[in-house]
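Structure first, then comments.
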Amino acid sequence: MSPKQVPPSGVDPYFPTHGDARYRVHRYELALDYRPGPNRLGGSARLSAVAGGAALAEFALDLAEFRIGRVLVDGKAAHYTHRAGKLRIRPAKALAAGAAFTVEVHYTGNPKPVRSQWGGLGWEELTDGALVASQPIGASSWYPCNDRPADKASYQISITTPSPYTVVASGRLLTRTTRSSSTTWVYEQSAPTASYLVTVSIGQYETVRLIEGSPTPSPNRTVPQTAYLPARLLPEFTIDFARQARMMHHFEELFGPYPFGEYAVVVADEELDVPVEAQGLATFGTNHLDGSRTSERLVAHELAHQWFGNSVTIADWRHIWLNEGFAKYAEWLWSEHAGGRSAVEHAAAAHALLAGLPQDLRLGDPGRKLMFDDRLYQRGGLTVHALRCELGDEAFFRLVKDWAVRHRHGVVGTADFTAHADRYATAPLDGLFQDWLNDPLLPPLPVGAR
Ligand SMILES: [Zn+2]
């Protein structure tokens, strides 16, 4: 899409066919059954939604190839078509502007990843189990959703699967009920959650309570932290994640209270290119463990996303640097705090790296093709560092914490951030943001922070 074609408000210019901005969902209730052997997923999704400013004669959900049993709107059968990942629903009677309504979709099939330039996204069958890694557009591989990051909702996820398997999902485990050879796991995520951050992991995992903590946010609470992993990897895991509790404490000091009830880490029994963040959870691969903390920067990166991306969520994918720049900078801050290389040293290394690479990436609107380019991460971290150098530590850390606290569980864009940053500066920041966010040329290495 060329810059002149302005997409309808609320539609993501990088993924214009995803999501439907004419209504919003405030709650999803998924009741699913999964059989790992045949990789069969089925059940129902019940969405509680509100129509936008105009009456809705029809609306759309994103849902990959499944057999649809029936579709109900406000309990009544609705007409629908299901084609090219879109479930278009026409209620028996048009929904009035601003009306609350429910949609129930019954579906079954063999979930498979959504194809993308980054490979398969979403539901992924493993050798013995499954996992979900949806960023940015894989959520429709396993449930019907309004797949745009700005439409955050609460979730109840119930999954029934053969009893030897452990099911981990976003949120707090409410109940676990075993009947004959199947077990039903019910999780509740009450915090507003973007569809790409909803996850499930199913595997033969050991459960390790790292920190008991308290799920109810309160001053000075300790955040409960749990890990799920193949039992044979426990020795390495114990070393590689030994400092996560300290990391949590440090990030709470820097970014304000942890935004969710709990934090879980899954180490899937499979190698993964990169770990991936989800709401209150992160998924790693066996290759991220080695018993020498080689991947500790990624432990910090995924944890930092709980504030930057998961709680403070981008309105659309043009603003991805707000997620990845802060997660990258959090890696550097952790390294500095833990006695490793300082943020200044990391910034210098990132700058040297970028200086040798093509300078054709606009950080503030990188385009769909480059949104997960490594240069976006490095330059994102450097942009945060440039701000620190410009403002000094006192104002910079106040800015960062206030940003995470003010927009807790909210939706933001780059303009919100630059306006926020201006309040902490004694001189205008227009030049800094122009150079770092809009001009593809690499600015000089920022100096000034101690
Ligand atoms: Zn990231």
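Laid out as a table, the results:
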{"item": "Count of residues meeting criterion [more than 12 Å from the ligand (Cβ to nearest atom) and either in contact with a Ser or Thr (Cβ under 9 Å, 6 or more places away or on another chain) or of a type in the set (A, V, I, L, M) (or both)] in region 281-298", "result": "8"}
{"item": "Any hit, region 373-382, residues being among the acidic types (Asp, Glu), within 16 Å of the ligand (Cβ to nearest atom) and more than 16 Å from Pro443 (Cβ to Cβ)", "result": "yes"}
{"item": "Those residues of region 195-253 which are basic (Lys, Arg) and not in a helix (DSSP H, G or I), in sequence order", "result": "Arg209, Arg221, Arg243"}
{"item": "Subset of region 260-280 (residues that are within 16 Å of the ligand (Cβ to nearest atom) and assigned to a loop (DSSP other than H, G, I, E, B))", "result": "Leu272, Asp273, Val274, Pro275, Gln279, Gly280"}
{"item": "Filter pass, Gly325 being open to solvent by less than 40 Å² (accessible area, probe 1.4 Å), in contact (Cβ under 8 Å) with a residue 40 or more places away in the chain and not in a helix (DSSP H, G or I)", "result": "no"}
{"item": "Count of residues meeting criterion [modelled with pLDDT under 95 and buried (at least 23 other Cβ atoms within 10 Å of the Cβ)] in region 115-140", "result": "0"}
{"item": "Test for Ile137: is it touching a residue at least 60 places away in the same chain (Cβ under 8 Å) and part of a strand (DSSP E or B)", "result": "no"}
{"item": "Conditions (1) at pLDDT below 95; (2) open to solvent by less than 40 Å² (accessible area, probe 1.4 Å); number of the one not met by Asp273", "result": "(2)"}
{"item": "Pair list, Cβ under 6 Å, 6 or more apart: region 201-212 residue within 20 Å of Tyr34 (Cα to Cα) and in contact (Cβ under 8 Å) with a residue 40 or more places away in the chain, other residue open to solvent by 60 Å² or more (accessible area, probe 1.4 Å) and charged (D, E, K, R)", "result": "Gly203/Asp269"}
{"item": "Any chance Ile211 is hydrophobic (A, V, I, L, M, F, W, C) and modelled with pLDDT under 95", "result": "yes"}
{"item": "Filter result (farther than 20 Å from Phe241 by Cβ and within 11 Å of the ligand (Cβ to nearest atom)) within region 299-320", "result": "Phe308, Gly309, Ile320"}
{"item": "Subset of region 328-362 that is of a type in the set (A, V, I, L, M) and open to solvent by 50 Å² or more (accessible area, probe 1.4 Å) - its residue that is nearest to the ligand (Cβ to nearest atom)", "result": "Leu353"}
{"item": "Out of Arg70, Arg46, Arg88, Arg27, sole residue that is assigned to a strand (DSSP E or B), closer than 30 Å to Lys369 by Cα and modelled with pLDDT of 95 or more", "result": "Arg88"}
{"item": "Qualifying residue in region 168-188 (condition: open to solvent by 20 Å² or more (accessible area, probe 1.4 Å), in contact with a Gly (Cβ under 8 Å, 6 or more places away or on another chain) and not basic (Lys, Arg))", "result": "yes"}
{"item": "Residue match in region 234-241 (condition: among the β-branched types (Val, Ile, Thr) and within 16 Å of the ligand (Cβ to nearest atom))", "result": "no"}
{"item": "Residue selected from region 85-110 under the condition among the hydrophobic types (A, V, I, L, M, F, W, C) and open to solvent by less than 50 Å² (accessible area, probe 1.4 Å), by the criterion farthest from Ala55 (Cα to Cα)", "result": "Val105"}
{"item": "Residue in region 330-352 that is free of Cβ contacts under 8 Å to residues at least 12 places away in the same chain and basic (Lys, Arg) present", "result": "yes"}
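Results for (1) open to solvent by 20 Å² or more (accessible area, probe 1.4 Å); (2) part of a loop (DSSP other than H, G, I, E, B); (3) in contact (Cβ under 8 Å) with a residue 24 or more places away in the chain, shown as yes or no for each residue.
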{"position": "Gly364", "(1), (2), (3)": "no, yes, yes"}
{"position": "Phe372", "(1), (2), (3)": "yes, yes, yes"}
{"position": "Phe397", "(1), (2), (3)": "yes, no, yes"}
{"position": "Ala404", "(1), (2), (3)": "no, no, yes"}
{"position": "Arg408", "(1), (2), (3)": "yes, yes, yes"}
{"position": "Ala421", "(1), (2), (3)": "no, no, yes"}
{"position": "Tyr424", "(1), (2), (3)": "yes, yes, yes"}
{"position": "Gly431", "(1), (2), (3)": "yes, no, no"}
{"position": "Leu437", "(1), (2), (3)": "no, no, yes"}
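The values are calculated or read from the model by the stated rules, or taken from the named source; none is laboratory data. If you're wondering where the values come from, they're calculated on a predicted model, not measured in any experiment. Positions of Cβ are generated from backbone atoms using ideal geometry, with glycine treated the same way; all protein chains shown enter the neighbour counts. Keep in mind that these areas ignore ligands, DNA and RNA; they rest on the heavy atoms of the full protein, side chains included. Shrake-Rupley method; radii C 1.70, N 1.55, O 1.52, S 1.80 Å.
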